[in-house]
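Structure, as structure tokens:
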């Protein structure tokens, strides 16, 4: 039986004070992960004394275009990402990823901050946000920290958030000219779909040559990371020299070198290879159409 | 166990309640307010039987703590009927045989209502997206989709 005291933050300051002055505080926003964990008595929902509700902090519900990035408030819902003209204009892969999360009801409640901080290996926003080079902003009474998202993640369901800190926003830097992006996902069914595998690819094509490739599969490794070896095999190559199927196989090998052979490997080896192939083909076709 | 004071408006009626830290909106509706039209299926946000409209948006009432929603407005299936007259969605569900055992129906209706409130002219795909979180294990979805399409038409005609 999980027991806790419920606390409600009426302002960001109140939330930070509460996090600072108490031990064993768990945050709840949309609750679509936390309440399932509590109900199922999952190990990760144990060991907290206070449940601090931050869902009323309207000041963290925004998607804002700034001079160098788009800032997404931690309490922005997945529905807000799907419907945001700013996100669809600059980071369509983020809208595509958000669209595949849960169902309409989950997307209306679930938040970007929740998806990032729950840090599920299968979280749908993590691969695109990592591939986009997103930073998270952490606030505490002691001050502010900004961390690249890939440094913020510390393992499956683990982050480097310190006690006393709260993540308040994610900043996604603008991509320059010539960048292409794609998001892919496979699950057991179309709706209410927890990713068996997902994938974000971001790269630049300049005069037929690939620059700055970022390949981030989700649910492939303990937590989403960039596949730098695979990225290295296409960086600086001409599109015509790249065989997407071959790159897919390279990504599968990179996955296996990180995870070893697991029960799911016979499936994921083939599935990841074809996701990578599909993403690269989609991007190359789009680049060609844009010529 | 702490008691949290919450005021919520359900189907137009204000309720001042003292709730426990674990009480879900679903529990409040069914056990306190005796609005048993909202059903509990899975309890973990998978089946959609407990869908209600919270401040204009379809949500799972099993995935919301009542303590979280002080000041909010909730619409349940009981709130669809006005002066003894069924809502056009309810009429359409009957007409199109979109009900078999009926367990998923309140959730389906609320997802459909939330959709039509925002988007009076939904495409078939938009209807499917709106109800993708609502499971029906007997009738299937075809009649439900037809009912929502037909309700959209009759709402426009009025």
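Structure above, values below:
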read-out: Answer residue from the range B:52-75, given it is part of a loop (DSSP other than H, G, I, E, B), touching a strand residue (DSSP E or B) at 6+ places or on another chain (Cβ under 7 Å) and more than 8 Å from chain A (Cβ to nearest Cβ) and is surrounded by the most Cβ atoms within 10 Å (Cβ to Cβ) among those; value: B:72
read-out: Sole residue being part of a helix (DSSP H, G or I), within 14 Å of chain A (Cβ to nearest Cβ), within 27 Å of residue A:96 (Cβ to Cβ) and in contact with a helix residue (DSSP H, G or I) (Cβ under 8 Å, 6 or more places away or on another chain), chosen from B:152, B:112; value: B:112
read-out: Hits in the range A:201-222 (condition: crowded, with 22+ Cβ neighbours inside 10 Å and over 13 Å from residue A:179 (Cα atoms)); value: A:215, A:216, A:217, A:218, A:219, A:220
read-out: Matching entry among A:29, A:71, A:97, A:9 (being over 30 Å from residue B:46 (Cβ atoms) and touching a residue at least 24 places away in the same chain (Cβ under 8 Å)); value: A:71
read-out: The one condition in (1) at pLDDT 95 or above; (2) buried (at least 21 other Cβ atoms within 10 Å of the Cβ) that residue A:197 fails to fulfil; value: (1)
read-out: Those residues of the range B:8-30 which are surrounded by fewer than 19 Cβ atoms within 10 Å (Cβ to Cβ) and without any contact (Cβ under 8 Å) to a residue 12 or more places away in the chain, in sequence order; value: B:13, B:14, B:16
read-out: The range A:2-14: number of residues that are in contact with a strand residue (DSSP E or B) (Cβ under 8 Å, 6 or more places away or on another chain) and away from chain B (no Cβ under 14 Å); value: 1
read-out: Residues of the range A:31-41 classified as part of a loop (DSSP other than H, G, I, E, B), in contact with a strand residue (DSSP E or B) (Cβ under 9 Å, 6 or more places away or on another chain) and under 19 Å from residue A:156 (Cβ atoms), total; value: 1
read-out: Test set (1) closer than 30 Å to residue A:182 by Cα; (2) buried (at least 21 other Cβ atoms within 10 Å of the Cβ); (3) touching a residue at least 60 places away in the same chain (Cβ under 8 Å) - residue A:78 fails condition number; value: (3)
read-out: Scope the range A:152-166; condition surrounded by 12 or more Cβ atoms within 10 Å (Cβ to Cβ) and either touching a helix residue (DSSP H, G or I) at 6+ places or on another chain (Cβ under 8 Å) or part of a helix (DSSP H, G or I) (or both); matching residues; value: A:152, A:153, A:157, A:159, A:160, A:161, A:164, A:165, A:166
read-out: Residue list for the range B:123-135, filter: farther than 19 Å from residue A:101 by Cα and within 12 Å of chain A (Cβ to nearest Cβ); value: none
read-out: Filter result for residue A:147 (within 14 Å of chain B (Cβ to nearest Cβ) and assigned to a strand (DSSP E or B)); value: no
read-out: Residue check for residue B:6: within 14 Å of chain A (Cβ to nearest Cβ), touching a helix residue (DSSP H, G or I) at 6+ places or on another chain (Cβ under 7 Å) and assigned to a strand (DSSP E or B); value: yes
read-out: Qualifying residue in the range B:39-50 (condition: more than 22 Å from residue B:134 (Cβ to Cβ) and at the interface with chain A (Cβ under 8 Å from one of its Cβ atoms)); value: no
read-out: Test: residue in the range A:34-47 that is at positive phi and within 13 Å of chain B (Cβ to nearest Cβ); value: yes
read-out: Only listed residue being in contact (Cβ under 8 Å) with a residue 40 or more places away in the chain and surrounded by fewer than 19 Cβ atoms within 10 Å (Cβ to Cβ), chosen from B:95, B:39; value: B:95
read-out: Flag for residue B:26 being over 26 Å from residue A:78 (Cα atoms) and outside any strand (DSSP E or B); value: no
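The values are calculated or read from the model by the stated rules, or taken from the named source; none is laboratory data. Note that the structure is predicted; figures quoted are calculated from it, not measured. Note that we place each Cβ from the backbone using ideal geometry, even for glycine, and neighbour counts take in every protein chain shown.
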